[in-house]
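Quick one: this structure, given as structure tokens, is what I'll be asking you about.
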Amino acid sequence: SRFLECRRIRASAEIAAQLELKTGDPVVFVRRLLSFESVPTVLDDIWLPGAAFRGLTAERLSQYHGPLYGLFETEFGTRMIRAEERIRAVAAEGDAIEVLGVDPGAPLLLVERLSYTYGARPVEIRRGLCVTRNHHYHNTLT
């Protein structure tokens, strides 16, 4: 995976509501590109509560080799124990066209995930745009 962006921003009303924060609270925004056999396949946008992920930087992400949830647990003491996903078909638009190398309007799967830690606290929003030309979306949630 390649991290395209990692920065602290202020939560929009929509993001704040999902993470049970106040509008304008700090969140960490991460954008990463997953490729399989050098073909761009998934563009992930991730939002994390700023307080819990204070030290998360692009440099830290690029140095870590392993699943993101492993990093969240070992470095930030946040364990994801449950996730809810919603999946729908969308047409490629905006910068996803260039990043994923698809035509405008090409079919993509939008996978929206809200992950929770203990006490039913939401701690991650993830929105992935998936190119399914050569792949199925497959996930095992425990």
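The values are calculated or read from the model by the stated rules, or taken from the named source; none is laboratory data. This one's a predicted model, so the numbers in the text were calculated from it and none came from an experiment. Backbone-built Cβ (ideal geometry, glycine too); neighbour counts: all protein chains shown. Surface areas here come from the heavy atoms of the whole protein model, side chains and all, with no ligands, DNA or RNA. Shrake-Rupley method; radii C 1.70, N 1.55, O 1.52, S 1.80 Å.
Which FRET efficiency value, to the nearest 0.05, is calculated for residue 93 and residue 60 with the Förster distance at 25 angstrom and r the Cβ-Cβ distance?
0.20
Related question: Pop the C-beta distance of residue 34 and residue 120 into the FRET formula with R0 = 25 Å and round what comes out to the nearest 0.05.
0.30
To continue, here is another question. For n ≥ 4 DSSP H runs only, could you compute -39500 (n - 2.57) per run for the chain, divide by its residues and tell me the 222 nm figure to the nearest 500?
Counting only the DSSP helices, I get -5000 deg cm²/dmol.
Now a separate question. To the nearest 10 Å², what's residue 95's accessible area with a 1.4 Å probe?
90 Å²
Same structure again: Enumerate the amide H contacts of residue 123 below 5 Å, restricted to partners 5 or more residues apart or on another chain; note that Pro and chain-start residues carry no placed amide H.
Close amide H contacts, sequence-distant or interchain: 115, 116, 117.
What relative contact order, as a whole-number percentage, does the stretch 34-142 give when Cα pairs under 8 Å and 6 or more residues apart are counted?
Relative contact order, the stretch 34-142: 31 percent.
Further question on the same structure: Can you give the charge dipole size of the chain about its Cα centre, rounded to the nearest 20 debye, using +1 on the beta carbon of Lys and Arg and -1 on the beta carbon of Asp and Glu?
360 debye
Quick query: amide H of residue 106 versus all other amide H atoms, modeled in the peptide plane; which residues come in under 5 Å with a sequence gap of 5 or more or a different chain?
92
Within the accessible area of the chain, what % is carbon and sulfur when the probe is 1.4 Å and the other protein chains stay in place?
C and S atoms contribute 51 percent here.
A further question on this structure: Give a residue-ordered list of calculated ³J(HN,Hα) values for the stretch 32-48 (Karplus: 6.51 cos²θ - 1.76 cosθ + 1.60, θ = phi - 60°; whole Hz; x for Gly, Pro).
Running phi through 6.51 cos²θ - 1.76 cosθ + 1.60 with θ = phi - 60° gives 9, 10, 9, 10, 10, 6, 6, 9, x, 10, 9, 9, 9, 10, 10, 10, 10 Hz.
Work out from phi, with θ = phi - 60° and the Karplus expression 6.51 cos²θ - 1.76 cosθ + 1.60, the ³J(HN,Hα) of each residue of the stretch 100-105, listed in order in whole Hz, and give x for Gly and Pro.
8, x, 10, 6, x, x
Can you tell which of 53, 36, 72 shows the greatest fluctuation in a Gaussian network model of the chain with Cα springs below 10 Å?
36
Same structure, new question: Which whole number in µm²/s is D for the stretch 1-89 by Stokes-Einstein, with the Kirkwood Rh taken over Cα pairs at 4 °C and 1.567 mPa s?
92 µm²/s
Now a separate question. Based on the alpha-carbon gyration tensor of the stretch 1-50 and its eigenvalue square roots a ≥ b ≥ c, which shape applies: rounded if a/c is under 1.5, prolate if not and a/b is larger than b/c, or oblate?
It comes out prolate by the Cα gyration axes.
To continue, here is another question. Using a 1.4 angstrom probe on the protein heavy atoms only, line up 125, 9 by accessible area, largest first.
So, going from the largest accessible area down, we get 9, 125.
Where does each of 59, 14, 5, 98 land when they are ordered by accessible area, with a 1.4 Å probe and the largest first?
My answer, sorted largest first, is 98, 59, 14, 5.
On average, how much accessible surface per residue is there in the stretch 1-134, in Å², for a 1.4 Å probe, leaving out ligands, DNA and RNA?
Using a 1.4 Å probe on heavy atoms only, each residue of the stretch 1-134 averages 55 Å².
For a quick check: with amide H placed at 1.01 Å from N, whose amide H comes under 5 Å from residue 135's, ignoring anything fewer than 5 positions away on the same chain?
For residue 135, no residues qualify.
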